[in-house]
Amino acid sequence: MDDAAEDDQPPTDPPPTARGSWWRKLHILDWIALGLLLIGCLCVLSGALPVADARASIVRLVPLLLFLGSVIILAELTAAAEVFDVIATRLSIIGRGRYPLLFLLCVTLASITTIALNLDTTAVLLTPVILALAAALNISPLPLAMTTVWLSNTASLLLPVSNLTNLLAADRVALSPSQFAGQMWAPQLASIIVTAACLWIWYWRRGRRGGQLRYELPQRRVPADRPLFVVAAAACLVFVIGILVGVPIGIASSISAGVLLIAFLVRNRSRLGLRLIPWRLLVFVIGLFLVIDTLGKHGLGDLIQSVVGADDGALGAARAAGAGAGLSNLVNNLPAYVAGEAIIPPDNHLQLLALLIGTNVGPVITPWASLATLLWYERCHAAGVRVPLGRFMWTGAILAVTALAASVGVLLVAG
């Protein structure tokens with residue numbers, strides 16, 4: 001009787017806190033991405049950006065967005081399979097309690113992750129692993145955190161997949177992944193060496209990291225699901241080999257991510273969901289391109305042209321690199337590259353690669369200079385790691401100047 005009476009009751013409205021709560025869950029970076037897309041759409045609707053130009057930008061973006069979406073899914077599932085955790089723990093064991101050896105291993109891990117899986121992977125996924133490792137070893141987290149954020153930028157020169165700007169540059173100069181690597185390996189090596197030196201001097205040496213002579217070794221970590229671990233590691237390896245032998249990067253990343261998705265569907269379906277789709281990054285990129293295209297048609301291009309010039313020699317390369325680094329730290333490295341690329345003559349390949357170095361190596365001074373740095377800062381804040389902003393900026397300025405000079409200098413000599 002009571003049950004029947006209850007069934008006859010009209011459905012009650014959800015509590016006020018349940019309605020409209022989705023927007024309260026949005027992060028500040030979500031709002032920035034959505035706002036940027038809205039501004040870009042308004043630019044098209046108002047006629048500030050012609051529809052034909054907007055369509056051309058979107059068509060150019062489609063393969064890049066396919067790559068970005070699939071490679072982030074690949075990286076997220078690789079992290080869920082504990083590949084990064086196992087590697088980081090085993091590296092600390094290999095370090096045998098010696099800080100110099102641990103330092104070299106962390107530099108190597110961050111560099112390889114950035115080169116092979118792109119800078120956002122290092123910032124988003126490797127940073128929490130490194131911070132957890134610092135807690136497990138009972139050492140200061142700041143040196144390890146700075147290793148990931150600096151190398152997520154300065155180690156992103158070697159392959160087209162390492163950075164979205166690389167994808168744009170490789171397409172512009174018509175270089176295959178192996179040809180691109182052949183052109184950029186020397187600047188990349190110079191950049192990593194300078195970054196390692198700055199990291200040791202300002203963050204890792206004794207007195208900067210703390211007074212400990214040695215660290216305690218952690219216990220060896222065994223993945224909870226070994227088959228998933230093996231499939232994830234193999235998928236990443238196939239992805240890297242695929243792009244090196246000439247498979248289109250969007251196809252290589254999609255196949256690798258697809259194989260790993262199937263493995264999780266069989267072994268651990270609970271880790272799958274719409275949350276894997278990096279919608280914020282995709283929306284951010286689309287909106288950013290539309291806004292920068294609009295600004296380029298209304299004075300930004302002329303301003304950058306006056307700074308960069310049209311010389312494809314040493315002076316033009318230096319001006320392009322400096323302008324790319326400076327503009328990156330003022331706004332963001334992606335619009336800095338897009339705006340610079342638009343005014344560099346099509347045949348000035350050396351100048352374009354110098355601009356690329358400036359927008360990849362240079363954005364280490366301000367927290368907003370690259371999306372990777374913003375994501376890294378967010379992860380550090382969430383983990384309770386304090387990053388002194390003043391120290392971050394002045395040491396980043398030293399790194400930007402020295403690494404930029406070394407990388408561009410090597411490019412000019414080898415080019």
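The values are calculated or read from the model by the stated rules, or taken from the named source; none is laboratory data. Everything numeric here is computed off the predicted structure, so don't read it as measured data. Here Cβ is always computed from backbone atoms with ideal geometry, including for glycine, and neighbour counts include all displayed protein chains.
Taken together, the criteria exclude PRO278 from residues that are surrounded by fewer than 18 Cβ atoms within 10 Å (Cβ to Cβ) and either under 25 Å from the mean Cα position of the chain (by Cα) or touching a residue at least 12 places away in the same chain (Cβ under 8 Å) (or both). Residues in the stretch 285-338 that are under 17 Å from ASP53 (Cα atoms), among the small types (Gly, Ala, Ser) and in contact with a Gly (Cβ under 6 Å, 6 or more places away or on another chain): GLY287 alone. The residue that is nearest to the chain's Cα centre (by Cα), among those in the stretch 91-138 that are β-branched (Val, Ile, Thr) and modelled with pLDDT under 80, is THR121. The set of residues from the stretch 51-69 being of a type outside the set (A, V, I, L, M), touching a residue at least 12 places away in the same chain (Cβ under 8 Å) and farther than 15 Å from ALA170 by Cβ comprises ASP53, SER57, GLY69. Could you say whether any residue in the stretch 206-228 is assigned to a helix (DSSP H, G or I), at pLDDT below 95 and surrounded by fewer than 18 Cβ atoms within 10 Å (Cβ to Cβ)? The answer is yes; a qualifying residue exists.
Looking at this structure, is VAL385 farther than 22 Å from PRO141 by Cβ, out of contact with any His (no Cβ under 8 Å at 6 or more places or on another chain) and in contact (Cβ under 8 Å) with a residue 12 or more places away in the chain? No; evaluated as a whole, the condition is false for this residue. Checking every residue in the stretch 344-351 against the condition of being within 19 Å of the chain's Cα centre (by Cα) and part of a helix (DSSP H, G or I) gives zero matches. A single entry from ALA4, ALA79 fulfils the requirement of being out of contact with any Phe, Trp or Tyr (no Cβ under 7 Å at 6 or more places or on another chain), in a helix (DSSP H, G or I) and either at pLDDT 85 or above or closer than 30 Å to ALA134 by Cβ (or both): ALA79.
Does the stretch 353-373 contain at least one residue that is more than 30 Å from ILE130 (Cβ to Cβ) and outside any helix (DSSP H, G or I)? Looking for residues that are more than 30 Å from ILE130 (Cβ to Cβ) and outside any helix (DSSP H, G or I), one finds none in the stretch 353-373, hence no. Can you confirm whether the stretch 301-313 contains a residue that is crowded, with 23+ Cβ neighbours inside 10 Å, closer than 21 Å to ARG172 by Cα and modelled with pLDDT of 85 or more? Within the stretch 301-313, none of the residues are crowded, with 23+ Cβ neighbours inside 10 Å, closer than 21 Å to ARG172 by Cα and modelled with pLDDT of 85 or more. Which ones in the stretch 77-107 are more than 30 Å from GLY258 (Cβ to Cβ) and among the small types (Gly, Ala, Ser)? Correct list: SER92, GLY95, GLY97. Scanning the stretch 375-404 for residues that are surrounded by fewer than 18 Cβ atoms within 10 Å (Cβ to Cβ), within 21 Å of LEU125 (Cβ to Cβ) and of a type outside the set (Val, Ile, Thr) gives GLU378, HIS381, ALA382, ALA383, GLY384. Being closer than 30 Å to LEU26 by Cβ, in contact with a Leu (Cβ under 8 Å, 6 or more places away or on another chain) and not in a helix (DSSP H, G or I), is that true of even one residue in the stretch 254-277? Yes: the stretch 254-277 contains one or more residues that are closer than 30 Å to LEU26 by Cβ, in contact with a Leu (Cβ under 8 Å, 6 or more places away or on another chain) and not in a helix (DSSP H, G or I). Residues in the stretch 118-144 that are farther than 17 Å from LEU104 by Cβ, crowded, with 24+ Cβ neighbours inside 10 Å and in contact with a Cys (Cβ under 8 Å, 6 or more places away or on another chain): THR127 only. Scanning the stretch 74-117 for residues that are among the β-branched types (Val, Ile, Thr), surrounded by fewer than 22 Cβ atoms within 10 Å (Cβ to Cβ) and closer than 25 Å to SER270 by Cα yields VAL86, ILE87.
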